[in-house]
Amino acid sequence: MTVGGGRRHDRRRPAAAVTAAATSGDSAVVRGVLLDVDDTLVDTRAAFRAAIDRVVARWMPFLDGAGRDDAVRFWVLDDAGAFAAYTRGELTFAEQRRIRAERLHARLGGPALDDTGFARWEEAYEAGFRAAWRAHDDGRALVAMLRALGIPTGAVTNAAREYQVTKLAAVGLAQVPVLVSVDDLGRGKPDPAVFHLACERLGLPPGEVAYVGDELDVDARGARDAGLTGVWLDRHGVGLVPDDVPAVRTLAELPALLRLTR
């Protein structure tokens with residue numbers, strides 16, 4: 001969900017230039033579409049804020065508005081790379097979340113969390129997080145269009161399958177199958193095997209499949225390196241225009257970019 005490290009050929013352009021620059025550059029025919037879940041189909045950034053606001057109100061009520069904003073930024077940044085370690089099979093989901101919670105408290109002056117304290121923290125966080133799950137409007141519209149066109153579609157996620165199936169159902173996107181999760185191979189994107197397994201389950205070769213997600217390296221470049229058409233969704237308006245993968249600002253731009261028709 002956070003943008004991967006940029007490369008030296010990435011550059012910033014005015015917003016109006018992003019769409020014009022987001023062209024594939026090859027003539028591959030796309031017959032199937034794979035989608036990331038968090039911050040692509042689901043507004044996870046807003047759900048993060050709701051969850052962090054809830055735990056901050058309980059454990060760090062002394063923080064003002066700026067402090068709460070800092071808490072959200074720090075949580076999303078995950079500078080220790082705990083979630084990435086989880087996707088590599090190096091940490092459990094609970095371990096990565098506890099690391100992030102403890103680092104958040106250490107940074108912002110919150111109390112230490114023992115096992116009981118963290119269990120309560122986790123319960124509060126999850127309640128706030130789940131209550132705030134919402135689909136992005138452009139994600140809902142894209143899924144409807146792909147279904148109407150009869151284009152095979154599925155989700156690929158670095159989170160647990162059951163968790164993401166529950167999330168998609170909660171936001172009204174139960175029709176999107178979770179084809180591959182971190183549970184399948186014990187590791188996640190950008191491992192090429194993850195993308196290849198998703199294509200196999202979609203029933204198409206990688207060269208006929210596009211994958212779109214909000215992380216430049218993990219999603220777009222990872223898919224590109226696995227032989228798919230990787231597309232970066234600049235969901236948060238970073239404004240980079242990479243030279244090696246197409247970029248869009250909204251999923252509404254994707255059908256034209258990929259020339260999706262019946």
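The values are calculated or read from the model by the stated rules, or taken from the named source; none is laboratory data. Just so it is clear, the model here is predicted, and its values are computed rather than measured. So basically every Cβ, Gly included, is an ideal-geometry build from the backbone, and we count neighbours across all protein chains shown. Quick note on the areas: whole protein, heavy atoms, side chains included, nothing else; ligands and nucleic acids left out. Shrake-Rupley method; radii C 1.70, N 1.55, O 1.52, S 1.80 Å.
Could you list, in sequence order, the residues of the range 220-232 that are open to solvent by 20 Å² or more (accessible area, probe 1.4 Å) and of a type outside the set (Asp, Glu)? Answer for the range 220-232, where residues must be open to solvent by 20 Å² or more (accessible area, probe 1.4 Å) and of a type outside the set (Asp, Glu): Arg224, Gly227. Scanning the range 80-97 for residues that are open to solvent by 50 Å² or more (accessible area, probe 1.4 Å), more than 20 Å from Glu123 (Cβ to Cβ) and either at pLDDT 95 or above or of a type in the set (A, V, I, L, M) (or both) returns Ala80, Glu90. Taken across the range 233-250, residues that are over 21 Å from Arg45 (Cβ atoms), open to solvent by less than 30 Å² (accessible area, probe 1.4 Å) and of a type in the set (Gly, Ala, Ser) do not occur at all. Residues that are aliphatic (A, V, I, L, M), under 15 Å from the mean Cα position of the chain (by Cα) and over 15 Å from Val209 (Cβ atoms) within the range 148-170 comprise Ala159, Ala160, Val165, Leu168, listed in sequence order. Of the residues screened, Pro190 is one that is assigned to a loop (DSSP other than H, G, I, E, B), surrounded by 17 or more Cβ atoms within 10 Å (Cβ to Cβ) and not basic (Lys, Arg). How many residues are within 14 Å of Gly139 (Cα to Cα) and either open to solvent by 40 Å² or more (accessible area, probe 1.4 Å) or not in a helix (DSSP H, G or I) (or both) when one looks only at the range 159-169? The total comes to 1.
Residue by residue, here is whether (1) within 23 Å of Asp137 (Cα to Cα); (2) within 18 Å of the chain's Cα centre (by Cα); (3) of a type outside the set (Ser, Thr, Tyr); (4) at pLDDT below 95 holds:
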| site | (1), (2), (3), (4) |
| --- | --- |
| Gly6 | no, yes, yes, yes |
| Arg13 | no, no, yes, yes |
| Ala28 | no, no, yes, yes |
| Gly32 | yes, no, yes, no |
| Asp38 | yes, yes, yes, no |
| Ala46 | yes, yes, yes, no |
| Arg54 | no, no, yes, no |
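The set of residues in the range 28-59 being aliphatic (A, V, I, L, M), assigned to a helix (DSSP H, G or I) and open to solvent by 10 Å² or more (accessible area, probe 1.4 Å) consists of Ala46, Ala50, Ala57. Among the candidates Asp114, Asp138, the residue that is open to solvent by 10 Å² or more (accessible area, probe 1.4 Å) and within 20 Å of the chain's Cα centre (by Cα) is uniquely Asp138.
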